[in-house]
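All remarks here apply to the structure that follows.
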Amino acid sequence: ADGTFRVVIRIRPPLERELSSPLWHRAVAVLGDGRVCLQEVVPEANAGDRASGTAQVVNNHAFAFDEVYDQTASQPEVYEGTAQRSVESLLQGYNATILAYGPTGTGKTYSMEGNRGGVAYADERGIIPRSMEDVFHHIQRGQDSHRRFAVRASYLQIYNEVISDLLKPDRSNLMIREDRRRGIFVDGLSEWLCRSPAEVQTLLEHGSAARATAQTGANDASSRSHAVFVVSVEQSEALADGEGESERAAGPADGRIGWKPVRVGRLNLVDLAGSERLRLTGATGQRLEETKKINQSLSAIGNVISALTERCPRQHVPYRDSKLTRLLEDSLGGNCRTTMVAMVSPAAEAFFESLSTLKFAHRARAIRNSPRVNEDLDQKALLRRYEAEVKRLRAELLESQQVQQRQMEQLQQV
């Protein structure tokens with residue numbers, strides 16, 4: 001592998017329900033050096049042996065990946081070995097994507113966000129909050145009068161093939177666009193200027209609360225939509241003496257400081273809805289329609305991966321078959337450094353789902369991306385954007401002050 005598309009496996013701990021089953025059998029074994037083995041087992045034919053939980057191993061399926069984490073792996077360990085290099089790429093001006101994939105109930109949202117309700121949340125923070133802490137720590141160390149940073153965040157979901165803004169829920173049916181400067185983007189998606197990890201966490205919690213979830217036969221809080229949290233970091237650096245004479249010549253002639261082209265990195269943190277087998281979830285009505293849409297979009301990713309990894313590459317890659325694959329076009333074979341985190345259950349009862357996930361992830365490992373540093377040479381356009389941002393923030397501050405003033409007047413009248 002060339003490092004532009006990495007695939008790691010995370011095995012979640014067994015559930016109480018699985019451990020209490022007389023048919024419980026651990027089917028996944030970590031072999032070391034990025035290798036994992038999935039055991040195919042069948043219950044003993046003898047009724048007495050079946051009751052004791054014994055089983056026969058009839059086949060072993062072995063796979064190799066960049067990293068494999070067993071059930072004992074901590075959140076910091078997974079972040080440092082999986083996502084930290086994506087944050088470094090973001091800060092260097094690259095596009096990066098972390099893609100959580102796997103069957104429903106395997107811990108994708110926990111890996112990405114953490115367990116906000118737990119008493120040990122500091123230890124259980126997921127990839128997204130840890131990423132933001134690293135981003136702002138880097139900014140605090142590097143920001144001065146000769147280096148500027150701007151961090152923006154957006155949050156969207158794809159529910160039943162409809163894109164909506166999780167931070168402005170009234171914005172739905174959003175369209176995917178593409179232009180030479182911005183690449184692929186969602187038109188009308190709100191962007192929020194962030195100045196600390198706490199502000200990012202507030203946006204994440206606000207958006208997650210608006211995300212479509214429901215109880216199913218396989219998961220008490222199943223995500224019914226694909227969610228994408230997007231963080232962009234713009235950074236500009238002053239020209240050193242004697243550096244970039246052409247840029248200085250094109251810059252201001254009044255002795256003001258000159259700036260290098262702005263680097264714009266983007267990090268897509270993708271929490272996919274889990275694939276589901278209808279015989280296990282027993283979905284009906286609205287849940288059934290959601291399941292169909294989820295499985296269709298995940299199948300579309302599989303078709304894109306197949307097209308990108310065949311020995312004789314296809315002329316046509318079906319990115320436009322779903323909103324999800326269109327949005328992830330750069331992440332799958334394009335201008336991006338991508339890491340897929342594939343989740344599996346350790347239980348033998350989930351053998352078919354785990355085998356499908358491991359085969360899917362193993363094929364994805366053959367994808368080759370073409371990442372490049374994103375530089376914005378249009379300094380005037382960027383300046384106009386900063387000025388518009390400052391104007392908007394001033395207007396919001398003024399409106400807040402006016403609201404407070406009216407509240408004070410009402411209290412005085414009482």
Would you point out the residue of segment 16-42, among those that are among the acidic types (Asp, Glu), under 30 Å from Arg6 (Cβ atoms) and not in a loop (DSSP other than H, G, I, E, B), that is least open to solvent (accessible area, probe 1.4 Å)? Glu18
What do you reckon, is Arg314 surrounded by fewer than 16 Cβ atoms within 10 Å (Cβ to Cβ) and outside any loop (DSSP other than H, G, I, E, B)? no
Considering segment 309-326 alone, what residues qualify as being in contact (Cβ under 8 Å) with a residue 60 or more places away in the chain and of a type in the set (A, V, I, L, M)? Leu324
Any idea which residue in segment 69-95 is modelled with the highest pLDDT, counting only those that are among the β-branched types (Val, Ile, Thr) and buried (at least 21 other Cβ atoms within 10 Å of the Cβ)? Val87
Let me confirm something: among Thr325, Thr339, Thr291, which residue is crowded, with 21+ Cβ neighbours inside 10 Å and at pLDDT below 90? Thr291
Going through Thr357, Thr325 one at a time, which residue ends up being assigned to a helix (DSSP H, G or I), among the hydroxyl-bearing types (Ser, Thr, Tyr) and over 30 Å from Val57 (Cβ atoms)? Thr325
Since Ala218 meets every condition but one in (1) crowded, with 19+ Cβ neighbours inside 10 Å; (2) modelled with pLDDT under 90; (3) among the small types (Gly, Ala, Ser); (4) farther than 27 Å from Leu298 by Cβ, which condition does it not meet? (4)
Given the criterion modelled with pLDDT under 90 and farther than 15 Å from Asn268 by Cα, identify the matching residue among Gly183, Gly142. Gly142
Those residues of segment 337-351 which are of a type outside the set (Lys, Arg) and within 13 Å of the chain's Cα centre (by Cα) amount to Thr338, Thr339, Met340, Val341, Ala342
Within segment 167-190, residues open to solvent by less than 80 Å² (accessible area, probe 1.4 Å) and either touching a Leu at 6+ places or on another chain (Cβ under 8 Å) or not small (Gly, Ala, Ser) (or both) come out as Leu167, Lys168, Leu174, Ile176, Asp179, Ile184, Phe185, Val186, Asp187, Gly188, Leu189, Ser190
Go through segment 147-166 and report how many residues are open to solvent by 30 Å² or more (accessible area, probe 1.4 Å) and either out of contact with any strand residue (DSSP E or B) (no Cβ under 6 Å at 6 or more places or on another chain) or within 23 Å of Gly334 (Cα to Cα) (or both). 4
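The values are calculated or read from the model by the stated rules, or taken from the named source; none is laboratory data. Bear in mind the structure is a predicted one, so any value in this text is a computation, not a measurement. In this analysis, Cβ positions are derived from the backbone assuming ideal geometry, glycine residues included, and neighbour counts consider all displayed protein chains. Note: areas computed on protein heavy atoms with side chains; ligands, DNA, RNA excluded. Shrake-Rupley method; radii C 1.70, N 1.55, O 1.52, S 1.80 Å.
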